[in-house]
Amino acid sequence: MTDVNVIINEKIEKFGKERQALMPILQGIVADKNYITEDELLKVAEALDLSAADVYGTATFYTFLDVVPRGKYVIRVCKTISCHMAGKDEIIEALEKTLKVKLGETTPDKKFTLLQANCMGWCHKGPVMLINDEVYPELTSEKAIAIVEEYIAK
């Protein structure tokens, strides 16, 4: 059995084979390896008896279900109007300089990916950055760089 089958079978055992298991299964795959391959999408579709288009459409619709390889640490900066007004553009510029990548790119060492995301539910504490599952609210450029430098040191 391939790794793809093992991963998917583990998720199916946990969440079941019904249509409503699709999101938790896809989220579980992303939690394990930061993205979902085309082969995995096809295997999930087959296992849940869904069309490949349905599974692919679901995976590509949601910001946090990545279908391309990402870095070990995925940095998402909120792009809502409230975070924009609070200075998210300056934070993105500072992160781009620090990581030496542009928005949407992954560092050559595959350690970081820099992205924007829709509302993360922290509008009252913006601008907000998420690194994997860790939330960093009330950012300034300096705070964002200091946080990322801690991850660089890991």
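No lab work stands behind these numbers, since they all come straight from the coordinates. In this text, all values refer to a predicted model and were calculated from it rather than measured experimentally. Using ideal geometry, Cβ is built from the backbone for each residue, glycine included, and neighbour counts are taken over all protein chains shown.
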query = Could you name the lysines in cross-link range of LYS72, using Cα to Cα under 22 Å and dropping any fewer than eight places away on the same chain?
reply = LYS11, LYS33, LYS97, LYS100, LYS102, LYS110, LYS111, LYS143, LYS154
task = Compute the distance in nm between two label points, each set 7 Å from the Cα along the Cα-to-Cβ direction, one at GLU90 and one at GLU149.
result = 1.8 nm
inquiry  = Can you give the Rg/Rh ratio of segment 73-153, where Rg is from the C-alpha atoms and Rh is the Kirkwood radius?
reply    = 0.93
task = Would you work out which of MET120, ILE152, PRO108 lies farthest towards the positive end of the dipole of segment 88-154? Charges go on Cβ: Lys and Arg +1, Asp and Glu -1.
result = PRO108
request  = Quick one: work out the % antiparallel among DSSP beta bridges in segment 73-153, nearest 5.
outcome  = 55 percent
ask   = Which FRET efficiency value, to the nearest 0.05, is calculated for ASP39 and LYS100 with the Förster distance at 22 angstrom and r the Cβ-Cβ distance?
value = 0.10
note = Sorted by number, the cysteines in the chain with no other cysteine beta-carbon under 4.7 Å are CYS119, CYS123
query = Which percent, nearest 5, of DSSP beta bridges in the chain are antiparallel?
reply = 55 percent
key: For a label point 7 Å along the Cα-to-beta-carbon line of THR107, residues of segment 50-81 with backbone N under 12 Å   = 71-75
request  = Give the Rg/Rh ratio for the chain, taking Rg as the radius of gyration of the Cα atoms and Rh as the Kirkwood radius, to two decimals.
outcome  = 1.03
